[in-house]
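The values are calculated or read from the model by the stated rules, or taken from the named source; none is laboratory data. Note that this is a predicted model, so its numbers are computed, not measured. When we count neighbours, we look across all protein chains shown, and the Cβ atoms used for this are built from the backbone with ideal geometry, even at glycine.
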Amino acid sequence: MTTTSGPTGRRLRGAVTLGLLIAGLATVARAAPDGELDEIVVTATLRAEPVLATPASVTVLAGAALHDGGQQHLEESLALVPNLNWAGDTARPRYFQLRGIGELEQYEGAPNPSIGFLIDDIDFSGLGSAATLFDVDRVEVLRGPQGTRYGANALGGLIYVASAEPATAFGGRLELGAGDYGGRSVGAVVTGPVEALDSAFRLAVQRYTSDGYYRNVYLNRDTDNQDELTLRGRWRYQPSARLRLDLTVLHVQLDDGYDAFSPDNTRRTLSDQPSVDAQHSSGAALKLRYAGATERDPVLTAIATVAETRLKYGYDGDWGNPGYWANCAPGTGVSCTYQFSELQFRDRRTASAELRLGTEATSGPAWLVGAYAMQLRETLNDTSVGSSFDPYNGAYAQDLVIASGYRSTSTALFGVLDGDLGPRLRWSLGLRGEHRSASYHDETTDALTGATTASAFRPSDGLWGGHASLRYEPAADQALYVELARGYKAGGFNLSQGLAADERLFRPESDLSVEAGWKAELGARRLRIQADLFAVARRDAQLKTSVQLDPSNPNTFVFYTGNAERGFNDGAELALDWRATPRLSLGGSLGLLETRFRDFVRIGDSGGANVSRELANAPHWQAALYAAFRDPRGPFARLEATGMGGYYFDLPPNDTRSHPYGLLHARLGWEAPGWSVTLWGRNLLDKDYPVRGFYFGLVPPDYPNRLYLQLGEPRHFGLDATVRFGGR
């Protein structure tokens with residue numbers, strides 16, 4: 001008898017598992033009682049369309065998925081999306097990975113994201129901390145390269161957050177919440193029409209505070225506290241069915257503490273210089289849509305956005321205090337000193353404009369052409385100070401200030417052409433060409449020596465991407481599709497001090513994805529299934545890793561990006577939603593993933609050796625299951641279990657891995673027409689699990705390499721109360 005093992009075996013077993021789950025639930029659905037699922041419409045694509053008609057892998061988190069789980073931030077919903085992961089090292093998730101592609105951090109002043117992240121069309125790529133969930137209507141996740149849709153910022157996919165729209169009837173709500181660890185929240189929404197102006201409005205505000213989950217035992221206080229303010233405003237002007245103008249404004253203010261690492265890997269920190277992870281993001285979007293008189297007439301869409309984000313981010317570089325490190329060399333009679341800290345101030349401003357013109361016919365020929373332009377400006381001031389002394393390594397001191405400025409301009413032209421090959425077979429072709437130019441300069445001042453050094457770069461890239469797809473409908477409620485897509489990402493440069501001249505630049509990257517899937521709404525629309533298989537080939541894959549240039553100074557632990565000659569990601573995804581009865585819904589998701597990169601050249605302490613391995617932060621499997629009960633007389637409940645396989649924390653030389661883990665969340669409450677009360681609990685089994693891991697030498701005088709972890713949320717509980725008035 002033969003057995004399967006390794007990547008091929010895992011892929012085969014995964015495909016069999018998907019097939020059995022789909023077949024089983026499809027059989028059950030035929031006998032299901034009445035109770036349809038809500039229709040899901042994807043709006044992050046160039047044309048809004050039902051998820052069943054979208055020939056790509058898409059997850060839409062809406063309704064109960066966002067509001068029935070006690071979620072304050074997108075962080076708490078990410079596990080519901082197959083093959084979506086995130087990296088810690090911040091107070092809230094700022095960096096995402098889709099199918100293994102995406103950044104883990106950014107310390108320099110040259111943003112170059114692989115995952116697009118939009119809030120109401122405003123670009124916050126690489127700034128995911130802004131994703132608070134108060135008054136959010138849905139989150140759409142498009143997996144795979146979005147070369148036609150969004151170009152250079154969406155090599156691995158796109159995440160789109162849409163806030164709730166203005167209502168045509170006056171109404172609103174007041175929400176209050178309280179929980180352990182000092183959790184408190186208060187929020188309010190008011191919405192309604194302004195008939196004299198052919199308009200409607202919506203205003204939402206919420207403030208959330210928490211003491212956080214870490215305790216600084218040296219300072220005897222909480223130092224990773226959260227203080228988060230969300231303001232949203234929307235105005236819709238619609239004088240006719242053909243013309244609509246939407247104005248959206250947003251301000252998210254996060255003033256969170258940051259003290260998340262301890263030398264002993266617990267939630268009891270020892271730092272004497274805990275810092276902050278503050279993000280103040282403001283933005284506005286103006287969107288015009290003018291439709292023709294018939295379905296065949298062109299539709300004009302124009303979008304203009306502006307945004308500004310101010311970041312303050314810092315950390316205690318030695319994670320300790322003078323008393324803790326004083327006896328680092330016992331028996332010598334010499335007291336050690338070890339004190340380092342880092343503080344960054346970053347200011348990013350963006351402005352974009354997009355124009356689309358095209359038809360929206362769902363049968364017969366359809367076309368769309370468009371133009372896009374975006375300018376990004378960012379300044380960064382980074383201060384690294386500290387000193388150390390021990391009897392074996394002697395004395396070391398550092399006082400560096402780096403001031404940098406960055407500007408990039410992207411312009412693109414794109415087009416899509418669709419048509420029919422038969423009554424049930426439809427094709428689509430898309431192409432996007434983009435030019436991206438950047439200008440960067442910095443000045444590094446060493447306050448100890450008075451020396452000043454400067455760097456400057458002006459890279460420019462011509463890039464292209466697109467897609468080709470076929471969608472076949474064997475029945476009115478089913479669709480089979482295959483899509484070939486090409487994504488791209490601009491090149492860039494490393495800013496870390498100490499790198500050689502030939503290590504500063506890295507090349508552009510491209511990827512080619514092939515995906516085949518099946519989507520269905522069965523059992524009188526009581527069972528929704530999405531399943532797909534995908535394979536991605538990356539060329540000149542941009543990978544970021546680290547090196548500690550000076551073993552006696554943790555602040556010389558620097559990150560740099562290089563190119564691997566090739567990369568390969570493949571896997572499978574499954575999502576199920578089943579309305580088992582009018583009151584009971586069941587569902588879940590499964591993501592399987594294999595990744596590999598080849599011939600990545602390491603620098604510094606690695607001696608320039610070529611490396612081939614799996615990607616970091618890319619677990620082999622992710623799964624989620626939920627059961628939701630809602631009785632029209634009032635009671636409701638939701639039970640949710642999520643799990644994740646092990647993964648590498650970082651690229652070589654960090655070869656440490658996480659362990660698989662599972663989490664359990666629950667929500668129980670009562671809803672009446674004008675009010676609701678909810679008791680919720682997260683991580684009910686109180687599992688310790690990591691959200692980031694570093695492997696380096698921290699402890700003097702020998703500085704042995706060890707794994708240090710940032711832990712996710714522990715078990716915690718809360719109570720929410722909502723009062724509604726006016727229309728629902």
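Observations, loosely collected:
- In segment 618-636, the residues that are under 16 Å from residue 63 (Cα atoms) and either among the basic types (Lys, Arg) or crowded, with 18+ Cβ neighbours inside 10 Å (or both): 626, 628, 630, 636
- Unique match (being on the phi < 0 side of the Ramachandran plot and among the charged types (D, E, K, R)) among 143, 99: 143
- Count of segment 448-463 residues which are surrounded by fewer than 16 Cβ atoms within 10 Å (Cβ to Cβ), in contact (Cβ under 8 Å) with a residue 24 or more places away in the chain and out of contact with any His (no Cβ under 9 Å at 6 or more places or on another chain): 1
- Within segment 42-80, the set of residues being within 23 Å of residue 668 (Cα to Cα) and assigned to a loop (DSSP other than H, G, I, E, B) comprises 63, 68, 69, 70, 71, 72, 77.
- Residue that is nearest to residue 90 (Cα to Cα) [pool: residues in segment 248-273 that are touching a residue at least 40 places away in the same chain (Cβ under 8 Å) and among the hydrophobic types (A, V, I, L, M, F, W, C)]: 260
- Among the criteria (1) touching a strand residue (DSSP E or B) at 6+ places or on another chain (Cβ under 6 Å); (2) surrounded by fewer than 16 Cβ atoms within 10 Å (Cβ to Cβ); (3) not acidic (Asp, Glu), the one residue 322 does not fulfil is (1).
- Residue 693 vs. criteria crowded, with 17+ Cβ neighbours inside 10 Å, modelled with pLDDT under 95, of a type outside the set (A, V, I, L, M) and not in a loop (DSSP other than H, G, I, E, B): yes
- Answer from 220, 225 - the residue that is without any contact (Cβ under 8 Å) to a residue 60 or more places away in the chain, farther than 30 Å from residue 508 by Cβ and surrounded by fewer than 17 Cβ atoms within 10 Å (Cβ to Cβ): 220
- Members of segment 609-645 found to be of a type in the set (Asp, Glu) and outside any strand (DSSP E or B), listed by number: 614, 631
- Any pair with Cβ under 6 angstrom, 6 or more apart, that starts in segment 656-677 at a residue that is farther than 20 Å from residue 719 by Cα and ends at one that is hydrophobic (A, V, I, L, M, F, W, C) and in a loop (DSSP other than H, G, I, E, B): 656/649
- Single residue of 455, 410, 469, 428 found to be farther than 17 Å from residue 149 by Cβ and in a strand (DSSP E or B): 455
- Those residues of segment 54-68 which are at pLDDT below 90 and either surrounded by 22 or more Cβ atoms within 10 Å (Cβ to Cβ) or among the hydrophobic types (A, V, I, L, M, F, W, C) (or both), in sequence order: 62, 64, 65, 66
- Residue that is nearest to residue 250 (Cα to Cα) [pool: residues in segment 126-173 that are of a type in the set (Asp, Glu) and assigned to a strand (DSSP E or B)]: 137
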